[in-house]
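Any read-out appearing in this document is the output of simple, stated calculations on the displayed coordinates, not a laboratory observation. Predicted model only: the values in this text are computed from it and were never measured. Neighbour counts run over all protein chains shown; Cβ positions are idealised from the backbone, glycine included.
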Amino acid sequence: MVFWLAGVILLFALGLGPYLSHSPRSQCRCGPDDDCWPSLGAWGALNGTVGGQLVQLSPVGDVCHEAKYSNRSCTELIQHFRNTTWRVENPAALQVHTWEYSRQQKQSCHVSDPLEPGQCDRGRVAHYSAYVQSVLEVQEVVQFAASNRLRLVIRNTGHDLAGRSSAPNSLQLHTAGLKGIRHVESFTPQAPDGRSIPSEGPAVTVGAGVLTGELYSAAAEGGYTVVGGSCSTVGIAGGWMQGGGYGILTPSRGLGVDNVLEVGVVTAQGIYVTANQHQNQDLFWAVRGGGGGSFGVIVHVTFRTYPDVPAVVSKLNILSPHGPDSAFWDTVTDLLRTIPILVDRGDAVQAFAMPVLPGNQSFLTIESYLIHDSHAGGRDALDELQKRIEDRGLPVESSDEPFDRLSTYLALPKGLDQAGMGMMTASRLVSRDFMKSAQGPSRISQTLAQLSYGPGDVLSLEGMVGGPAVQRKATADSAIHPSWRSALMSLTLGRGLPSDPDWDAYDRIQNELAMTQLPVLESLEKGAMGGYLGIPFPYESNPSRVFWGSHYNRLLALKGRWDPDDLFITRLGVNSERWDEEGMCRVDRKQVYLRQYYKFLDRVRAWAAHRVGKS
Ligand SMILES: Cc1cc2nc3c(=O)[nH]c(=O)nc-3n(C[C@H](O)[C@H](O)[C@H](O)COP(=O)(O)OP(=O)(O)OC[C@H]3O[C@@H](n4cnc5c(N)ncnc54)[C@H](O)[C@@H]3O)c2cc1C
């Protein structure tokens, strides 16, 4: 408290406060109200280069409001609201729809009762969207944005949990039309000078707009498997791969970034380049973990593929009738002791805990994926877990579903394919050493038990980020935080946000995550825990430390080489500290220091809050 007060007094005594909110216009990109915004003729010309697929966007909810009100369209919108595929296809929509709103401007166009239309504001919806279907079209859009000093945003499926696939006053490059899936038995990466290099074996090349589910379906037909995530509408070659990417096969086959053999990228200069272990190696390193929307537009990715294998999907559902009591948290401890056994065998576990449900109940659902020859040992561990839970008097509902081919299971639609919800997340990677230590599992559940939860809050425990293959791939150098290589589980706090804009509630939840919940999680392994960029806390105070650690300086240098003018900027992304929150105006060095100072104050406040909470 003393530090904080001293800091505030010093800041305002120096009269520096105003610098935080203003940038000279020369340091800003062109917005629709600026003279430098392209003319209608220029937009028309761009439309011609993308085959007439440039559209001006308005918020999806406008058909429920004022001028554009239509009872029929609004009713249809309400029907589609939670449909993930509809959101993927609609360039003005995002999967977590609260990112369509602007908290800064307090603007939204929320969908209300069709009979009571109210105000609709643009919020964070991009101004124009260019739907691209070829490398040439990507190059045209990139060059148009660069030469007109526009805010360019790359948007694939709109799943991003920090709103990074949209920005106000921007031109959106929509990659959903870059389809194409090609599987080959023997893939040879391109060498720069036609040099002959050995084949990497079977692989699949996917366009940037291919959805995970589309690739899984093609793999099921082709009789192979590929490492991908759980949600079928996430874009496998977009944000998933560039953030690291994990899934059921990660413990046995590695992370998404470990399985990339080659990428095709359109750079900030609009040049198409191939990057792999033989050419443009530095770019290849950076895009594998450096984060989506930061180094160029990925147009295609080639992933290693693997033989199909049998698998058993085993589910345990536990309903605690007395809320999050000691029996519930002891069950979480047992689960945390079981996860390393499974992950070390190459199996995977995904569990969701909902500590507070209506009627003072708590719920834990555990899905385990027992892959090929590890069935027997994994089954023993799960039987032991179930027995312990039942001995504790908690009812367990269990099921086992065997699949001759894992690819069949992967291609099935999953319950995770949900959209149109408000959520704020924060994640940390927990190390293998901590998970396997005698006290580690109980310390984690005791720590989680300290936090307060509401009815929409979910804790996810993902035993699919580490394992033998991730450790082995320690030599496959990529930009992801080094702590991935010693991690065994990702721990995510998902806080539900009210659907209708409630700015006070959003502020409260953000503050709780920043000031109490994340610091409490971080106290588990002080200073050692990285976070997952794909499931981030959007207001992380030190993103470079949390997402890249010792790799950040190299990423910054590569950013300077491949994108010296910062055409590609995202929230939390590489060099984002030099830009304002929406990537519209550069902040000068003084502002960077002030921001760091504010962040330091935040951490002091968080520390102080935690101390007070403890005493
Ligand atoms: C319901 C749900 C389930 C999830 N499940 C998993 C999971 O099982 N495993 C896992 O690892 N992660 C998971 N995630 C996280 C997910 O991987 C990230 O949200 C990811 O960033 C989504 O990428 P996208 O391309 O589909 O989304 P988008 O929102 O379209 O893009 C995400 C980011 O990547 C950039 N980007 C997109 N395409 C390109 C491109 N072609 N070139 C350059 N930049 C690009 C965008 O600018 C943006 O910054 C899940 C997320 C959700 C919401």
Which value, in debye to the nearest 20, describes the size of the charge dipole of the stretch 451-570 about its Cα centre when Lys and Arg Cβ atoms bear +1, Asp and Glu Cβ atoms bear -1, and nothing else is charged?
-> 760
Multiply the residue separation of Tyr597 and Trp503 by 0.36 nm, subtract the distance between their alpha-carbon atoms, and state the gained length in nm to one decimal.
-> 31.3 nm
With the contact rule set at Cα under 8 Å and sequence spacing of 6 or more, what percent relative contact order holds for the chain?
-> 15
Ordered by packing density, taken as the mean number of other Cβ atoms within 10 Å over each peptide's residues, highest first, how do 459-469, 246-256, 177-187 rank?
-> 246-256, 459-469, 177-187
Full-stretch length increase - Gln56, Thr75 - with 0.36 nm per residue and alpha-carbon distance subtracted = 4.6 nm
Taking other Cβ within 10 Å of each residue's Cβ, how do Tyr69, Tyr224, Tyr453 sort, fewest first?
-> Tyr69, Tyr224, Tyr453
Among rounded, prolate and oblate, which fits the stretch 450-496 when a ≥ b ≥ c are the square roots of the eigenvalues of its C-alpha gyration tensor, a/c under 1.5 means rounded, and a/b larger than b/c means prolate?
-> prolate
Hey, could you pull the Cα Rg and Dmax for the chain, both in Å?
-> 24.1, 73
So for the stretch 40-172, what are the equivalent ellipsoid semi-axes in whole Å, largest first, each being the square root of 5 times an eigenvalue of the Cα gyration tensor?
-> 27, 15, 15
Show that you can apply the helix-only estimate: for the chain, add -39,500 (n - 2.57) for every DSSP H stretch of four or more residues, divide by all residues, and state [θ] at 222 nm to the nearest 500.
-> -9000 deg cm²/dmol
Protection proxy (average C-beta count within 10 Å per residue), highest first, orders 191-202, 432-443, 573-584 as 573-584, 432-443, 191-202
Size of charge dipole - the chain - debye, nearest 20, with Cβ of Lys, Arg +1 and Asp, Glu -1, no other charges | 1660
Among the Cys residues of the chain, which have no other cysteine Cβ under 4.7 angstrom away?
-> Cys231
Ranked highest first by the average count of other Cβ atoms within 10 Å around their residues, in what order do 275-284, 345-354 fall?
-> 345-354, 275-284
Of Ile371, Ile298, Ile78, Ile271, how do they rank once you tally other Cβ atoms within 10 Å and put the fewest first?
-> Ile271, Ile78, Ile371, Ile298
In the neighborhood of Arg164, defined by Cβ-to-Cβ distances under 10 Å, what is the net charge if each Lys or Arg adds +1 and each Asp or Glu adds -1?
-> +1
Toward the positive end of the charge dipole of the chain, about the Cα centre and with charges on Cβ (Lys, Arg +1; Asp, Glu -1), which of Gly177, Pro324, Val141 goes farthest?
-> Val141
Could you tell me which of rounded, prolate or oblate describes the stretch 181-307, using a ≥ b ≥ c as the square roots of the eigenvalues of the alpha-carbon gyration tensor, with rounded for a/c under 1.5 and, failing that, prolate when a/b is larger than b/c and oblate otherwise?
-> oblate
Putting +1 on Lys and Arg Cβ atoms and -1 on Asp and Glu Cβ atoms, find which of Ser541, Trp86, Gly292 reaches farthest to the positive end of the dipole of the chain.
-> Ser541
Between the stretch 478-543 and the stretch 256-289, the alpha-carbon center distance in angstrom = 28
Output the relative contact order of the stretch 181-307, whole-number percent, from Cα pairs under 8 angstrom with separation of 6+ residues.
-> 29
